[in-house]
1. Taking K and R as +1 and D and E as -1, what net charge do the other residues with C-beta under 12 Å from the C-beta of HIS220 add up to?
2. What residue among CYS26, CYS299, CYS76 has the largest mean-square fluctuation in a Gaussian network model of the chain, using Cα springs under 10 Å?
3. From the list [x] 35; [y] 53; [z] 40, can you say which value of percent of Cα pairs over 30 Å apart was derived from the structure given?
4. Please give the Cα centre distance for segment 39-89 versus segment 277-322, rounded to the nearest Å.
5. Looking at segment 170-322, what % of its DSSP beta bridges pair antiparallel, to the nearest 5?
6. Could you identify which residue out of ASP300, ASP75, ASP281 has the top mean-square fluctuation in a GNM of the chain using Cα springs shorter than 10 Å?
7. Give the residue list of GluC sites (Glu not before Pro) in segment 59-126 that are DSSP loop and have at most 16 other beta-carbon atoms within 10 angstrom.
8. What percent do you get for the relative contact order of the chain when only Cα pairs under 8 Å and 6+ apart count?
Amino acid sequence: MRVINAGFKSKLIDLGRRGMQHMGYCQSGPADQNSYKLANLLLRNAPDAVAIEIMFGGLELKIEQDMLLTLTGADCDLYIDDKHYTINQIVSVHAGQYVRVSAPRAGLYSYLALSHEVVSPLHLNSVCAVERERLGGSENNGVGLKAMQCIELANRHVEPEQLSYVSILNESPNQKALDGIMTPISRCVVVRFVPGYQYSEFTHTQVALFKGQKHEVTHHISSMGVKLKGLPIDIGKVTMYSEGISKGAIQVTPNGQAIIMLHERQTIGGYPKIGSVISADIPILAQCQAGTHVQFVECDVDTAREMLLLRHDKFQRCFGLS
């Protein structure tokens with residue numbers, strides 16, 4: 001399979017580098033883990049199978065062997081030659097055809113999963129390219145996919161029952177069943193957070209201001225984090241030691257604005273943290289385009305865990321997993 005156009009930013013991904021933060025390496029992995037998981041489940045792939053993450057569309061590929069593929073995530077269009085498909089459909093493609101992903105109408109990240117295994121070198125147990133760390137990717141320099149790059153695929157025989165499964169799943173009633181597990185994408189989202197241990201250092205007024213307003217997503221969006229804009233939360237001059245940062249951590253910067261740390265964040269930081277976005281809602285935040293309004297709602301750890309288990313259960317029931 002050959003890359004004709006890599007679009008704005010496309011790269012091979014898996015679940016990332018787990019357990020490496022103590023060595024200074026970020027977690028990496030998919031920005032929207034929910035959509036990545038859905039793409040692999042639609043094709044009955046392994047949960048950590050390599051897929052292509054496409055930020056803001058534009059990817060174009062030339063197919064060099066017959067296979068199945070599916071696209072999930074952002075609200076965009078998939079074209080096989082000139083034929084149009086929507087997201088979450090399983091499509092059969094043949095050697096010589098071209099695949100193109102349009103720019104999204106809503107959302108940022110799309111996930112293209114393939115029925116054939118992607119063969120790519122592992123660096124610290126992952127294929128993920130992290131530009132800031134100059135780690136991963138085909139040349140281990142942190143660079144994602146490039147035009148004219150060849151993506152090597154291992155042959156995988158598609159069983160007849162899988163083709164039958166594809167036919168059934170692509171029917172309209174079954175497509176609707178996926179609505180409950182897709183990452184919701186909107187221009188105004190509600191995101192839940194759990195207070196952190198520094199929460200008590202914020203005054204009641206500061207907490208009320210943080211929760212009581214709709215923050216706007218700025219153009220400063222990356223796999224490291226999402227910078228927000230709103231009424232400033234005046235925290236004054238704060239001196240603190242740098243410490244480990246969790247995925248979803250909500251840092252309040254000296255100018256009073258919030259930054260939410262994502263999967264390619266730095267491993268330590270020294271801004272005060274009011275809390276952390278719950279795992280179930282991080283994909284929602286990751287898919288926010290600039291201009292989206294974000295409202296934060298406080299919840300407890302038990303609710304955060306319940307929401308994560310509920311999402312897992314929805315996947316189990318939709319795909320008949322044990």
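The values are calculated or read from the model by the stated rules, or taken from the named source; none is laboratory data. Keep in mind the model is a prediction, meaning the values are calculated, not measured. Cβ atoms come from the backbone with ideal geometry, glycine included; neighbour counts cover every protein chain shown. Just so you know, the surface numbers come from the protein's heavy atoms only, side chains and all, with ligands and any DNA or RNA stripped out. Shrake-Rupley method; radii C 1.70, N 1.55, O 1.52, S 1.80 Å.
1. Working: positive: LYS227, LYS229; negative: GLU216.
Around HIS220, the surrounding residues sum to +1.
2. So, out of CYS26, CYS299, CYS76, the one fluctuating most is CYS299.
3. Looking at percent of Cα pairs over 30 Å apart for this model, the match is [x].
4. 23
5. The antiparallel proportion sits near 75 percent.
6. Among ASP300, ASP75, ASP281, the largest GNM mean-square fluctuation belongs to ASP300.
7. GLU64
8. On the way: 765 pairs, mean separation 60.4, N = 322.
Here the relative contact order equals 19 percent.
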